[in-house]
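What follows is a set of notes on a single structure, which appears directly below.
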Amino acid sequence: MNGARKPRRPRWPATTNTFALALDGAAKPAWGDIHQILQTMTAAFTSLRQGVATELQWSVLAGGLDMSKAIERQGVVRGLSDHLAAAETALQHIYDRAKLANGWRPTVLYFNELEDIKTFVNLHAFQFRQLSRGELRHAIASATGQIRSGGGKVNLADSAAMERMAA
């Protein structure tokens, strides 16, 4: 013997119920949680449409867009990238008009911005209804990682509902 030991092989704990883990990941998220998040998005869109949105409400929509892009990259619901890009452009133009040197000033939307963001909110709701818990957890992790790597701060739209889904 040369004294070299084989590296330790990690093992699954004997108490892990892989069937229960698979079922948990494959199950749909609770409808109440999805409804809360979509309601927060809809309220932010309503404020933006009325020209009274705060910067936080704008960031709820921007964060939702990041989630939609993560879902698109994940491949669960595909083919929405053009709509998401149009919504991203609209949100950026709104931000550029509303963000001033001394703070945030709500701004009105142009028709094309209104239409692009409305389409995005509807598509985002569709995407959320298609995801399993596991896919949603993965999308949340991907979107938050993307935001943080870009130097942004993550604000969860409805933190209690998002934490329940991410757990």
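The values are calculated or read from the model by the stated rules, or taken from the named source; none is laboratory data. Everything numeric in this text was worked out from a predicted model, so none of it was measured. Note that each Cβ is placed from the backbone with ideal geometry, even for glycine, and that neighbours are counted across all protein chains shown.
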Checking V121 against (1) surrounded by 20 or more Cβ atoms within 10 Å (Cβ to Cβ); (2) among the β-branched types (V, I, T); (3) farther than 13 Å from W58 by Cα, the condition it does not meet: (3)
query: Just checking, which of A101, A161, A139 is modelled with pLDDT of 80 or more and either surrounded by 14 or more Cβ atoms within 10 Å (Cβ to Cβ) or closer than 18 Å to P29 by Cα (or both)?
result: A139
- prompt: Hey, does the stretch 67-75 have a residue that's acidic (D, E), modelled with pLDDT of 90 or more and surrounded by fewer than 17 Cβ atoms within 10 Å (Cβ to Cβ)?
  reply: no
task: State all residues of the stretch 79-92 that are charged (D, E, K, R) and over 15 Å from the mean Cα position of the chain (by Cα); if no residue qualifies, say none.
output: D82
task: Could you tell me whether the stretch 82-89 includes any residue that is loosely packed, with under 14 Cβ neighbours inside 10 Å and over 27 Å from G134 (Cα atoms)?
output: yes
field: Every pair of residues 6+ apart whose Cβ atoms lie under 8 Å, when the first sits in the stretch 61-90 and is at negative phi and of a type outside the set (V, I, T) while the second is crowded, with 19+ Cβ neighbours inside 10 Å and outside any helix (DSSP H, G or I)
entry: G63/A157; G64/A157; S68/L80; E72/L80; A90/L109
- prompt: Can you find a residue in the stretch 61-68 that is over 14 Å from I147 (Cβ atoms) and not hydrophobic (A, V, I, L, M, F, W, C)?
  reply: no
